[in-house]
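First the structure, in the form of structure tokens, and then the observations on it.
The values are calculated or read from the model by the stated rules, or taken from the named source; none is laboratory data. Just so it is clear, the model here is predicted, and its values are computed rather than measured. Neighbour counts are summed over all protein chains in view; Cβ atoms, including those assigned to glycine, are modelled from backbone coordinates with ideal geometry.
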Amino acid sequence: MFNCIEIQYADPRNLDNSYSVKFDIKLHSVAQKWAGAVSVAVKKHTLDDPGRFYGFGSKQSQIQRAISRINQAVDTINNFEPIVDRRLENIDDQDTLNYLHHIFEVYHGLLDQQTNEFWSRSPAEVHRALADLNILVHECEAVNRSIDNRPSHISTWYQMPKIMTLTDDEYSLFEPQARKGTIYLLYTEIGKTLEDLSIDHDNYIHDTAFKPFRYFSADFIVKYYDDDINEINQRLTRMEKFYKNHEEFFIRLGLPWGHPYLSAGLIPVATLNMPDDLVVKLETRQWVRSIHIT
């Protein structure tokens with residue numbers, strides 16, 4: 001049984017300036033399977049990006065950073081072959097973000113389906129830029145939709161197989177409201193859930209790119225804020241409205257309203273066991289130096 005995960009956050013310019021944060025791992029089945037995956041990931045794989053921190057600093061600085069990073073990914077792809085004909089100029093341009101996510105789906109491929117012709121002949125830096133495009137679209141969306149600073153940290157391992165799936169009973173573990181100091185299982189599918197679709201109004205997504213939350217791996221997100229309950233209620237209402245407007249599509253997939261695959265929110269896997277005034281300490285330590293699990 002796994003009991004604790006310790007994340008050592010550091011200043012990227014001075015890794016000795018670090019601060020360790022400990023979380024108690026929950027006892028439920030998903031948390032324990034996730035913890036096992038993390039224990040393998042930290043031994044066998046390299047963390048994709050130790051600096052994936054969102055919601056710190058002014059909103060304007062976050063916007064500038066997000067736009068710059070996503071356009072850098074576009075430039076890397078187009079320097080190999082000009083397949084992307086749009087760049088992001090405004091953080092609230094959801095149509096362009098949907099388009100860029102579509103580029104990712106088409107040229108990267110869905111989960112474990114990197115078999116298209118462009119992927120097979122493109123170099124490693126383009127593969128990474130395509131993978132980053134997905135992450136950066138979601139970063140831009142998160143920055144745009146945040147009312148105020150909502151700090152969080154994400155850890156992913158691209159090379160870690162996404163082969164574990166949730167059982168029907170485990171969908172009862174989903175919680176719609178994020179809680180401060182909680183680690184949540186991260187969506188690892190390449191596609192969009194009902195919750196995503198209800199927000200994005202995506203005109204580019206293929207039918208096959210609707211992907212409920214089924215597979216999971218070691219990937220996780222740490223929330224250092226509480227969700228606003230009014231926003232949660234609006235989100236749930238929006239999901240139900242979107243479902244009703246596209247009911248034929250979901251019924252064709254065997255997904256009546258209330259099906260577990262349409263669950264909202266995330267599954268909590270660990271909770272902070274330290275004082276929760278960590279945001280100030282993390283403002284200068286936005287780099288994951290190490291992850292240790294016991």
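Of everything listed in (1) within 14 Å of Tyr187 (Cβ to Cβ); (2) modelled with pLDDT of 90 or more; (3) part of a helix (DSSP H, G or I), the single unmet condition for Ile154 is (3). Looking only at residues of the stretch 275-290 that are within 20 Å of the chain's Cα centre (by Cα) and in a loop (DSSP other than H, G, I, E, B), we find that the one that is farthest from Val42 (Cα to Cα) is Gln286. Among the candidates Ser39, Ser18, the residue that is of a type in the set (Gly, Ala, Ser) and part of a strand (DSSP E or B) is uniquely Ser18.
Residue by residue through the stretch 212-248, note down the ones that are farther than 23 Å from Leu272 by Cβ and touching a residue at least 60 places away in the same chain (Cβ under 8 Å). Within the stretch 212-248, Tyr215, Leu236 meet the criteria. Looking across the stretch 242-277 at every residue that is crowded, with 18+ Cβ neighbours inside 10 Å and in contact with a Pro (Cβ under 9 Å, 6 or more places away or on another chain), the one that is farthest from Gly36 (Cα to Cα) is identified as Phe250.
Could you tell me whether Gly51 is surrounded by 15 or more Cβ atoms within 10 Å (Cβ to Cβ), under 17 Å from the mean Cα position of the chain (by Cα) and touching a residue at least 60 places away in the same chain (Cβ under 8 Å)? It is false that Gly51 is surrounded by 15 or more Cβ atoms within 10 Å (Cβ to Cβ), under 17 Å from the mean Cα position of the chain (by Cα) and touching a residue at least 60 places away in the same chain (Cβ under 8 Å).
In a loop (DSSP other than H, G, I, E, B), at negative phi, out of contact with any His (no Cβ under 9 Å at 6 or more places or on another chain) and among the charged types (D, E, K, R): does that describe Asp49? Here the answer is yes, as Asp49 does meet what is asked.
Just one of the listed residues (Thr156, Thr165, Thr76) is touching a residue at least 12 places away in the same chain (Cβ under 8 Å) and either closer than 25 Å to Ile229 by Cα or exposed (fewer than 15 other Cβ atoms within 10 Å of the Cβ) (or both), and it is Thr165.
Annotation: of all residues in the stretch 52-67 being polar (S, T, N, Q), assigned to a helix (DSSP H, G or I) and at pLDDT below 90, the one that is nearest to His153 (Cα to Cα) is Gln62.
State the number of residues belonging to the stretch 21-36 that are out of contact with any Asp or Glu (no Cβ under 9 Å at 6 or more places or on another chain), in a loop (DSSP other than H, G, I, E, B) and surrounded by fewer than 18 Cβ atoms within 10 Å (Cβ to Cβ). Residues flagged as out of contact with any Asp or Glu (no Cβ under 9 Å at 6 or more places or on another chain), in a loop (DSSP other than H, G, I, E, B) and surrounded by fewer than 18 Cβ atoms within 10 Å (Cβ to Cβ) within the stretch 21-36 amount to 1.
When Ser146, Ser172, Ser198, Ser122 are checked against the criterion of being out of contact with any Leu (no Cβ under 6 Å at 6 or more places or on another chain), at pLDDT below 95, under 24 Å from Thr271 (Cβ atoms) and among the hydroxyl-bearing types (Ser, Thr, Tyr), Ser146 stands alone in meeting it. List every residue pair whose Cβ atoms lie under 7 Å apart, where the two residues are 6 or more positions apart in sequence or sit on different chains, the first residue falls within the stretch 93-106 and is under 17 Å from Lys211 (Cβ atoms) and touching a residue at least 40 places away in the same chain (Cβ under 8 Å), and the second residue, located anywhere, is aliphatic (A, V, I, L, M) and in a helix (DSSP H, G or I). That search, which allows pairs on different chains as well, returns His101/Val137; Phe104/Leu130; Phe104/Leu133; Glu105/Ala209.
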